[in-house]
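The values are calculated or read from the model by the stated rules, or taken from the named source; none is laboratory data. Values in this document were obtained by computation on a predicted structure and should not be read as measured data. Cβ placement follows ideal geometry from the backbone for every residue including glycine, while neighbour counts extend to all protein chains displayed. Heavy atoms of the whole protein, side chains included, go into the accessibility calculation; ligands, DNA and RNA do not. Shrake-Rupley method; radii C 1.70, N 1.55, O 1.52, S 1.80 Å.
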Amino acid sequence: MDLHWSFLLVPLIIGYFAWIPGYGMNWIAASWWTTIAVLLFSFVLLHELGHALAAQNRGVKAERIILFPLGGGAYLPEQPSNVWEEVFVYAAGPLANIILALLAWGLLLTRPDGPLLIAYYLKLSGNLVVFPGIADQILGLTLAVNLLLAIGNLLPAYPLDGGRILRALLRRPLGARRATVIVTGLGVVIGSGLAWLGVRLSDPLLVFGAGFIILLSVLEYQNGWQRRRLANKAVGDVLRLPLPSLYRVYPGQPVGEVRRFFQATEWPILPVYNQWNEQVGFVEASVINEEAEDDREPVRRYCEREFVTAQPTEELLAITERIVDANVYGATIIGPRGELVGYVFTEDIMPLLDTRLKKIKRRLRQEGPAGE
Ligand SMILES: [Zn+2]
């Protein structure tokens, strides 16, 4: 589980709200805001644990959980095979919040002014006629915040849990592509509605969250487009055949020589070999150009030791996903008898993803004004 760096902002925000100019820090306010921050954090954590436990229960591995101050994300590297399993995993987060809200509701009902407090915290009645103690306030917040988390996350908009549930349900009747178009479209519509509401209520957090929903929906929509483009392409469309052994890069070779290889071959990336002529990684021209200063220095420091391998019969989409997941420059394509077939580089895949507009723009730039 990872805490996102933006958690560092939380003490600053608390300090900002508890600081009174001319007086100094109001420690009572600061400790109250800290209590609230810890409570919010534990509600979000509980939500994510709900997802993680459900995934574990269904035999799907939740790779990691990232917690942001305003929410979290559980990343599922493998999609559950069954629709209902997927729905269960995504519903488990909001369900955990609903259970906690019901618990707080039950406890509040046992308090003397319970029903009044419930009405106040759910904003069914505007003015509070009782003065709740700290325990009552915490119970009231637990009820209100968990209900808000559950309802907010169940909105049928990508990337919220509700949107992912809807996509899982629509995938079989409509197909994966249409299901994604619908939930990302809902993400833009609902996100815009929430942004409008946030402006009306002058709530910057709501505007920010709504912007996030719109942005992620647009990105996921584009991602779906790109997958479709790649699905029509074969490895042969972007394959680079092996270079003559003259251009083999070894870790001990001086940077200056590797620079000349890049110029001679015009390749953006070159494979790096060990003394037994087995590939051990890649080296990228832009890294050498930007970072290397001394041409006599061995190139070792600038080599990327990780690379992925693929077979020539694999789909380009699958290979691309592996390259992106491993965060490397490219894949080495190895044939059925272990022979080197060639390379697939991200730089060669990107042009396949370009929209027609981008292609026209690039052509205009390349042709450019005469004499350039
Ligand atoms: Zn969730």
Per residue, accessible area of the range 169-232 with a 1.4 Å probe, heavy atoms of protein chains only, in Å², comes to 64
Excluding ligands, DNA and RNA, the carbon-plus-sulfur percentage of the accessible area of the range 169-232 with a 1.4 Å probe reads 67
With +1 on the Cβ of every Lys and Arg and -1 on the Cβ of every Asp and Glu, the dipole magnitude of the range 173-328 about its Cα centre, in debye rounded to the nearest 20, is 640
Sparse-neighbourhood loop hits (trypsin sites (Lys or Arg not before Pro), the range 151-185; DSSP loop; Cβ within 10 Å at most 15 others) -> none
Taking alpha-carbon centroids only, the range 81-96 lies from the range 171-210 a number of Å equal to 20
With every protein chain kept in place and a 1.4 Å probe, the range 237-353 has an accessible area per residue in Å² of 55
Rounded to a whole %, the carbon-and-sulfur portion of the accessible area of the range 237-353 at a 1.4 Å probe is 48
Expressed in nanometres to one decimal, the distance between label points 7 Å along Cα→Cβ at VAL308 and TYR16 is 4.0
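Mind checking the range 232-308 for trypsin sites (Lys or Arg not before Pro) that DSSP puts in a loop (not H, G, I, E or B) and that have at most 13 other Cβ atoms within 10 Å?
ARG296, ARG305
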Those GluC sites (Glu not before Pro) from the range 266-317 that are DSSP loop and have at most 12 other Cβ neighbours within 10 Å turn out to be GLU266, GLU278, GLU293, GLU306
